[in-house]
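The values are calculated or read from the model by the stated rules, or taken from the named source; none is laboratory data. The model shown is predicted, which means the values in this text are computed figures rather than measured ones. Glycine also receives a Cβ, built like all others from the backbone with ideal geometry; neighbour counts cover every protein chain displayed.
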Amino acid sequence: MEENPWQILESNAIYDNPWIKITEHQVINPTGGKGIYGEVHFKNYAIGIIALDEDDKIWLVGQYRFPLKAYSWEIPEGGGPLDANPLASAKRELLEETGLVAQYWEELLRMHLSNSVSDELAIIYLARDFEQFEAQPEETEELVVKKVHFEEAYQMVLRGEITDSMSVAAILRLKLIKANL
């Protein structure tokens, strides 16, 4: 463990809502120069799920992403409160977006999504053995759900058709796991 080379002179919260808090820090950087550093604190975990069935197919969710101003295909994803069990949040998200309830869950990976400006932690699970119910999307979600063979999802990543970082990392991780079985 190395010591923190940054010195914070002053911090001011410049934006705060139920999901994020943005703080501007007046700092002395590692080389001794004065500057500013913006930090985005996320008030939820980022939760993702690869739902894999017995035929080696997974569910993808398509939706228009406001910040990108573009349509995006992704694994089922959402947020989970920091004080809640992330697995419970994953189960809720999978049901909301796909209508699936899984019997088997395994954590695939944890990752920081943009660690140069944010503390957002993603936790991604593999889910299997499903029962189908009605999807329950949130009012902010207009979703298209499709089921594709896992290899097709992997090829979508390679072709740049899936660009969401959690989806890319989860699909590549599962591809490596499957290759080593």
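Here is the figure for the range 108-132: residues that are under 27 Å from Leu82 (Cβ atoms) and either of a type in the set (D, E, K, R) or over 19 Å from the mean Cα position of the chain (by Cα) (or both) total 4. If you go through the range 90-118 and pick out every residue that is charged (D, E, K, R) and either in contact with a helix residue (DSSP H, G or I) (Cβ under 9 Å, 6 or more places away or on another chain) or loosely packed, with under 14 Cβ neighbours inside 10 Å (or both), you end up with 3. Inside the range 103-130, residues that are outside any strand (DSSP E or B) and either hydrophobic (A, V, I, L, M, F, W, C) or closer than 15 Å to Ala88 by Cβ (or both) make up a count of 2. Inspect the range 95-110 for any residue being without any contact (Cβ under 8 Å) to a residue 60 or more places away in the chain, on the phi > 0 side of the Ramachandran plot and not β-branched (Val, Ile, Thr) and give the result as yes or no. Taking every residue of the range 95-110 in turn, at least one turns out to be without any contact (Cβ under 8 Å) to a residue 60 or more places away in the chain, on the phi > 0 side of the Ramachandran plot and not β-branched (Val, Ile, Thr).
Just one of the listed residues (Ala102, Ala122, Ala127) is more than 13 Å from Ile47 (Cα to Cα) and touching a Leu at 6+ places or on another chain (Cβ under 8 Å), and it is Ala102. Screening Glu152, Glu96 for residues that are more than 19 Å from Asp55 (Cβ to Cβ) and either part of a helix (DSSP H, G or I) or aromatic (Phe, Trp, Tyr) (or both) leaves exactly one candidate, Glu96. Between Glu74, Glu54, the distinction of being modelled with pLDDT of 95 or more and more than 25 Å from Thr140 (Cβ to Cβ) belongs to Glu54 only.
Answer yes or no as to whether Ala135 is touching a residue at least 24 places away in the same chain (Cβ under 8 Å), surrounded by 14 or more Cβ atoms within 10 Å (Cβ to Cβ) and assigned to a loop (DSSP other than H, G, I, E, B). Spelling it out, Ala135 is indeed touching a residue at least 24 places away in the same chain (Cβ under 8 Å), surrounded by 14 or more Cβ atoms within 10 Å (Cβ to Cβ) and assigned to a loop (DSSP other than H, G, I, E, B). Scanning the range 56-75 for residues that are assigned to a loop (DSSP other than H, G, I, E, B) and either aliphatic (A, V, I, L, M) or touching a residue at least 40 places away in the same chain (Cβ under 8 Å) (or both) gives Asp56, Leu68, Ile75. Checking the structure you have, find out if any residue of the range 161-178 is among the charged types (D, E, K, R), in a loop (DSSP other than H, G, I, E, B) and at pLDDT 95 or above. Yes; the residues of the range 161-178 include at least one that is among the charged types (D, E, K, R), in a loop (DSSP other than H, G, I, E, B) and at pLDDT 95 or above. Going by the conditions given, is Gly78 in contact (Cβ under 8 Å) with a residue 24 or more places away in the chain, farther than 25 Å from Val40 by Cβ, in the same structural domain as Glu134 (by TED's automatic domain parsing) and surrounded by 15 or more Cβ atoms within 10 Å (Cβ to Cβ)? The answer is no for Gly78.
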